Amino acid sequence: MSIIVINWRQTVDRAQKAEEVKSLGQAFTDSGVVVVAHYAGLTVAEMSDLRIKMGAAEGTVRVAKNKLAKIALEGTPCEGIKDLLTGQTVLAYSVDPVAAAKVMQEFSKGNEKLVILGGSMGTDLLDAAGVKAVAAMPSREEVIASIAGCIMAPAANIAAAATAPASDIAGILSTLEEREAA
């Protein structure tokens, strides 16, 4: 009788790594913006706070092994950010092309331990200043709100114009009555 020894740990690790690469690759492909930052020195509570803020903006914060992230980047629009993946890096991404940059920029203002290295907006590579510029842009929701405001403004003007003649006539009549009384 022979005993077969299977190294389950190695098999599981490879499967987990393959799943991680697949998941990261999908995220890089679907994201409107990807931000890369160093996070050395952040506490668990600070990282949780960052994740909560990013989740509220419908984005994701992810710490991944740089080697796996580099493999996942191959063939994606943001492949050029490979050079940023050195040291303790955190990835932030969102479908909204501004949300992840806004949250990371805002969080880095209050926490010097988070250092933004750069990122990608589609095929356009961004340095730290580029991420800051993207963060200054209005978000998708802000753009939709301003468009809705522009659409609603003419309707409000039409309503005001339609009711204005009636109020003008009432004002003229009251002025005439005051003149007759005087």
> To the nearest 10 Å², what's residue 147's accessible area with a 1.4 Å probe?
Replying inline: 90
> Taking a point 7 angstrom from the Cα of residue 115 along the C-beta vector, which residues in the range 48-69 have backbone N less than 18 Å away?
Replying inline: 66
> Binned at 5 Å from 0, what are the whole-percent values of the Cα-Cα distance distribution for the range 1-135, short to long?
Replying inline: 2, 11, 21, 22, 18, 11, 5, 3, 2, 2, 1, 1, 0, 0
> Under 20 Å from a point 7 Å along the Cα-to-Cβ line of residue 40: which residues of the range 60-98 have their amide N that close?
Replying inline: 62-70, 82-92
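The values are calculated or read from the model by the stated rules, or taken from the named source; none is laboratory data. The model shown is predicted, which means the values in this text are computed figures rather than measured ones. Cβ coordinates were reconstructed from backbone atoms using ideal geometry, including for glycine residues, and neighbour counts include every protein chain displayed. Calculation scope for accessible area: heavy atoms of the full protein, side chains included, ligands and nucleic acids excluded. Shrake-Rupley method; radii C 1.70, N 1.55, O 1.52, S 1.80 Å.
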